[in-house]
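Visitor: Quick one: structure below, then a few questions.
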Amino acid sequence: MDELDFIRKLKGRVAYLTLLRYDGFDYKEVTGDGYKRLPIIFNDIYFDVTDGINEGWFNKVQLSFNTSKSDWGRVDAMGICEDNLSKNGYIKEFSNPIYIEKDTQLSFLKGDIKIIYPKIKTFY
């Protein structure tokens, strides 16, 4: 699927944010007590279209995962998937890893998630 088609396909639908760890070869979804994918709606209330020639989106509201009930470890990237079971989607790599310890709630503030030049990848 073309990257821009992936973004267009999400408009108005529920998608899922995932947390990913990179092991040097592949992205793997984080596991741990309390972890589950975060459902989000790609509509004008939660996301807005970027300005300029590059089609994309950015979040207009804060988005928060569940509070961790165990250490989830290092998180290197975030994934956006079409459904709750999909193993491929847009992957946004973080400039620095995030470490999720027990009793931590990871939140993305307004504007933290920018989906431009999407790269559709598979993870495990």
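Visitor: From the residues in the range 89-119 that are open to solvent by less than 60 Å² (accessible area, probe 1.4 Å) and either farther than 23 Å from LYS60 by Cβ or not in a strand (DSSP E or B) (or both), which one is modelled with the lowest pLDDT?
Guide: Per the criteria, the residue is PRO118.
Visitor: Given (1) surrounded by 12 or more Cβ atoms within 10 Å (Cβ to Cβ); (2) modelled with pLDDT under 90, where does ASN84 come up short, assuming only one miss?
Guide: (2)
Visitor: Checking ASP33 against (1) within 13 Å of the chain's Cα centre (by Cα); (2) modelled with pLDDT of 90 or more, which test does it fail?
Guide: (1) is the only condition that ASP33 fails.
Visitor: In the range 31-49, which residues are out of contact with any Gly (no Cβ under 7 Å at 6 or more places or on another chain), open to solvent by less than 60 Å² (accessible area, probe 1.4 Å) and assigned to a loop (DSSP other than H, G, I, E, B)?
Guide: Residues satisfying the conditions are GLY32, GLY34, TYR35, ARG37.
The values are calculated or read from the model by the stated rules, or taken from the named source; none is laboratory data. What you are looking at is a predicted structure, and each value in this text was computed from that prediction instead of being measured. Here Cβ is always computed from backbone atoms with ideal geometry, including for glycine, and neighbour counts include all displayed protein chains. Only protein heavy atoms, including side chains, enter the accessible area calculation; ligands, DNA and RNA are left aside. Shrake-Rupley method; radii C 1.70, N 1.55, O 1.52, S 1.80 Å.
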